[in-house]
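Engineer: Just passing along the structure, written as structure tokens.
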Amino acid sequence: MITGHVFIATSLDGYIARKDHDLDWLMKQPVAEDDHGYDAFYARMDGIVMGSASFRKVLSFPEWPYDKPVVVLSQTLTPEDIPEALEDSVRLTRTSPSRLMAALAEEGWQRVYVDGGQVIQSFLRAGLIAEMTVTRVPILLGSGRPLFGPLEQDLDLDLVETRAFRSGLVSCTYRVTQPAKEA
């Protein structure tokens, strides 16, 4: 069975990026000194599903950080937006999260790293997230791109693990116990 998994950092006030998608606050030392469990998480995933804003942000990094397949959910990007060097590892889709997960399951994927605020929200609404690791960074941004958005109903979570790091970050892993249903 295919499952969606989240590993993401937020400011203490719940933002994953500034309004302009900037992550400067996340790249500061000592935050960037430790992977805070990311490498172990990433090693268990078969590939990544992200939104267009996340894809554009990752393209601005000095190096492409993924050695696994990436699927970008987007209504606006075209194949021309994918750099030639990534054509074999990145693909675009406009399908729904449910249909995408079914297609990925047919390809043999079992564990999907779901990234990007809007994509995470849509996967939560569709009941496709099994587990989330949310790491709080000790900074208040005051505004920005929130991790969570509206839901049709409450979403129950079980705390699996909490880890505090010397950097001041606190990471909580939750199992989704009552998935939301897509409207």
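Engineer: Could you grab me the full set of residues in region 26-55 that are at pLDDT below 90 and either charged (D, E, K, R) or outside any loop (DSSP other than H, G, I, E, B) (or both)?
Structural biologist: Correct list: Leu26, Lys28, Val31, Ala32, Glu33, Asp34, Asp35.
Engineer: Inspect region 145-154 for any residue being among the charged types (D, E, K, R) and within 26 Å of Trp25 (Cβ to Cβ) and give the result as yes or no.
Structural biologist: Step one: filter region 145-154 for residues among the charged types (D, E, K, R), giving 145, 152, 154.
Right, trim to within 26 Å of Trp25 (Cβ to Cβ) and you get 145.
Yes, that holds for at least one residue.
Engineer: How many residues, within region 93-118, are in contact (Cβ under 8 Å) with a residue 40 or more places away in the chain and of a type in the set (S, T, N, Q)?
Structural biologist: Counting residues in region 93-118 that are in contact (Cβ under 8 Å) with a residue 40 or more places away in the chain and of a type in the set (S, T, N, Q) gives 4.
Engineer: Within region 79-88, is there a residue that is under 19 Å from the mean Cα position of the chain (by Cα), in a loop (DSSP other than H, G, I, E, B) and either under 18 Å from Val6 (Cα atoms) or not charged (D, E, K, R) (or both)?
Structural biologist: Within region 79-88, the first condition is being under 19 Å from the mean Cα position of the chain (by Cα), and the residues that meet it are none.
The answer is no, given that none of the residues of region 79-88 is under 19 Å from the mean Cα position of the chain (by Cα), in a loop (DSSP other than H, G, I, E, B) and either under 18 Å from Val6 (Cα atoms) or not charged (D, E, K, R) (or both).
Engineer: Return the residue satisfying two criteria in turn: it lies in region 63-92 and is without any contact (Cβ under 8 Å) to a residue 24 or more places away in the chain and under 17 Å from Gln121 (Cβ atoms), and of such residues it is surrounded by the most Cβ atoms within 10 Å (Cβ to Cβ).
Structural biologist: So the residue we want is Val72.
Engineer: Mind listing just one residue for me: the one in region 141-177 that is in contact (Cβ under 8 Å) with a residue 24 or more places away in the chain, among the polar types (S, T, N, Q) and in a strand (DSSP E or B) and, of those, surrounded by the fewest Cβ atoms within 10 Å (Cβ to Cβ)?
Structural biologist: Checked region 141-177; the qualifying residue surrounded by the fewest Cβ atoms within 10 Å (Cβ to Cβ) is Ser171.
Engineer: I'm checking my understanding of the structure. Among residues of region 95-114 that are in contact with a Phe, Trp or Tyr (Cβ under 8 Å, 6 or more places away or on another chain) and outside any helix (DSSP H, G or I), which one is surrounded by the fewest Cβ atoms within 10 Å (Cβ to Cβ)?
Structural biologist: Tyr113
The values are calculated or read from the model by the stated rules, or taken from the named source; none is laboratory data. Values in this document were obtained by computation on a predicted structure and should not be read as measured data. Every residue, glycine among them, receives a Cβ derived from its backbone with ideal geometry; neighbour counts consider all protein chains shown.
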